[in-house]
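Beneath this line is the structure, given in structure tokens, with notes to follow.
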Amino acid sequence: MTTRIPIADLSPAALLPAAADAFPASAASGLPPDEALPALFDVPLPDIRELDALTSRTPPERAGATNAYYFLEEAPAVFPSGIKVPVTRPEPGWEAFSAGQAIPGQPFDVHAVRNDFPVLAETVNGRPLVWLDNAATTQKPQAVIDRLSHFYAHENSNIHRAAHELAARATDAYEAARETVRRFVGARSANEIVFVRGTTEGINLVAQSWGRQTLRPGDEILITWLEHHANIVPWQQLAAQTGAVLKVVPVNDRGEVLLDEYARLLGPKIRLVAFTQVSNALGTVTPAAEMTRLAHACGAKVLIDGAQSVSHLRTDVLALGCDWFVFSGHKVFGPTGIGALYGKEELLNATAPWQGGGNMIQDVTFERTLYQNAPARFEAGTGNIADAVGLGAALEYVERIGIDNIARHEHDLLLYGTRLLSEIPGLKIIGQAAEKAGVLSFVLEGRDTAEIGSALNKAGIAVRAGHHCAQPILRRFGLEATVRPSLALYNTHADLDALAAAVGKIARTGKAG
């Protein structure tokens, strides 16, 4: 059982007993070693050469195929490792990996995980790279890099309608990735998954399709003080276009949503509630399921921004109950320029498309156009096919490790890093929510945030320094910028030791090196 300590209670007296319980072998030092972390589910990915051999073979007879895209339908290939990897679109319910069963005798080794990420072997300014800028973007495992390379080497084509082999491969890879996203977020149907460029485009899609179709003057949109600009600006624009009113839920001094105020603001005029599940600036985890339940009770629709939650917390859109959920691939070890919008199928099909063009129509004349149902109705034009396939590979990588195991590892790092930074004179951590994901925003008395970021870079430590595209919440704390180290599954206690040592030296001398 994992011992969880509220972030607000981080005194050594609170921390050390929990460390002793969780890591008895290291209780004397109070510092849990990486190798003592909980076991992960470690199933080897197939070698890319196996994929090459598979998709370069002569295709078998296609007679009798029942695939929705008329392409060859064959059973998933079984590699020597025992893993099944689909060549064509998997049947409903097929799963590439079982994230529910641990492999006995294979404990989590963060250093082995780090070996999956080639960029972590880089040096910066003569120092080993310490990547603590994960809230901005995560690094990519070799499995994702190899999957992209394989796509371009063996499958590259436009999708869905061409009557040739590479179109079949590309279509099957693209739709298999959609199924992986469906499984990862817990949606009922792959028809509820729309590929977009990322969280920002997904939010704008909802605003400019459902929002413009639905909202009228005097209707209200409710967001929180925690939001990224991408979950503020589209609603401001929509309010200006429709005459709707934008309202904001306040937060307390710890960076937590004030649920009493939230409930008070809900009412019959609220048509939409949009909020982040995890704050990118503070790391606050919002009570998303409860906020959704309260919003639905007054008849409002709910959109959840999952950009910062998908790599840290289990995503289950049915348990959350939301109407839409959006996230970006590059925040969860996938490529940039790709993400997904989940929407309830009946809601998507009742919503007018945002963009028009190829791929999203049933029939076009000069007098009228008939649109396809979701997801195609929201995927006008040629999509980011290769990166959608890469996103699928990234999510399978996370499934293979196990999101709950990642959450435990990062929570331990968050406690450890919070304690180390709190001991530095003049340093103040911004955001002390009881429920928090891997963000350690701070300011240092007498030091400019940009100056700190630059000094840390000279020591090979990558953090973000600035407003993090979340100016309102920082101004709630009287700030224009913070330094923001942020965590991922490949970070270690040694990374945080290096950070604390460098920041401590900056506090004393103004230099990290």
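The values are calculated or read from the model by the stated rules, or taken from the named source; none is laboratory data. Everything numeric in this text was worked out from a predicted model, so none of it was measured. Cβ sites come from the backbone with ideal geometry, for glycine too, and all protein chains shown count toward neighbours. Just the protein is used for accessible areas: all its heavy atoms, side chains included, with ligands, DNA and RNA removed. Shrake-Rupley method; radii C 1.70, N 1.55, O 1.52, S 1.80 Å.
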- Query: Within region 176-186, is even one residue over 18 Å from the mean Cα position of the chain (by Cα), modelled with pLDDT of 95 or more and closer than 30 Å to Glu345 by Cβ?
  - Reply: yes
- Message: Can you pull out every residue in region 152-175 that is open to solvent by 30 Å² or more (accessible area, probe 1.4 Å), of a type outside the set (Gly, Ala, Ser), within 22 Å of Leu391 (Cβ to Cβ) and in contact (Cβ under 8 Å) with a residue 24 or more places away in the chain?
- Response: Tyr152, His154, Asn156, Asn158, Arg169
- Task: Filter region 427-444 for residues that are open to solvent by 20 Å² or more (accessible area, probe 1.4 Å) and hydrophobic (A, V, I, L, M, F, W, C) and give the result.
- Result: Leu427, Ala434, Val443
- Task: For region 318-332, name all the residues that are more than 25 Å from Gln372 (Cα to Cα), open to solvent by 10 Å² or more (accessible area, probe 1.4 Å) and touching a residue at least 60 places away in the same chain (Cβ under 8 Å).
- Result: Ala319, His330, Lys331
- Task: Name the residue, out of Thr336, Thr351, that is touching a helix residue (DSSP H, G or I) at 6+ places or on another chain (Cβ under 8 Å), closer than 28 Å to Lys436 by Cβ and not small (Gly, Ala, Ser).
- Result: Thr336
- Just name the residue that is modelled with the lowest pLDDT out of those in region 95-130 that are of a type in the set (A, V, I, L, M, F, W, C), within 25 Å of the chain's Cα centre (by Cα) and surrounded by fewer than 15 Cβ atoms within 10 Å (Cβ to Cβ). Ala112
- Qualifying residue in region 362-385 (condition: among the polar types (S, T, N, Q) and within 25 Å of the chain's Cα centre (by Cα)): yes
- Message: Which residue is surrounded by the most Cβ atoms within 10 Å (Cβ to Cβ), if the candidates are limited to region 333-384 and must be free of Cβ contacts under 8 Å to residues at least 60 places away in the same chain and basic (Lys, Arg)?
- Response: Arg377
- Task: Examine region 144-151 for a residue that is crowded, with 20+ Cβ neighbours inside 10 Å and of a type in the set (Lys, Arg), and state whether such a residue exists.
- Result: yes
- Note on the structure: Residue count, region 468-501, condition touching a strand residue (DSSP E or B) at 6+ places or on another chain (Cβ under 6 Å) and without any contact (Cβ under 8 Å) to a residue 60 or more places away in the chain, comes to 2
- Sole miss for Arg293 among (1) over 17 Å from the mean Cα position of the chain (by Cα); (2) under 30 Å from Val483 (Cα atoms) is condition (2)
- The residue from Thr200, Thr180 that alone is in contact with a helix residue (DSSP H, G or I) (Cβ under 9 Å, 6 or more places away or on another chain), part of a helix (DSSP H, G or I), within 18 Å of Glu399 (Cβ to Cβ) and of a type outside the set (Lys, Arg) is Thr180
- Query: Can you pull out the strands (runs of 3 or more DSSP E) entirely within region 325-397 that have at least 2 residues that are more than 19 Å from Ala307 (Cβ to Cβ)?
  - Reply: 361-364, 369-371
- Task: Those residues that are open to solvent by 20 Å² or more (accessible area, probe 1.4 Å) and among the polar types (S, T, N, Q), I need them from region 385-426; list them, please.
- Result: Ser422
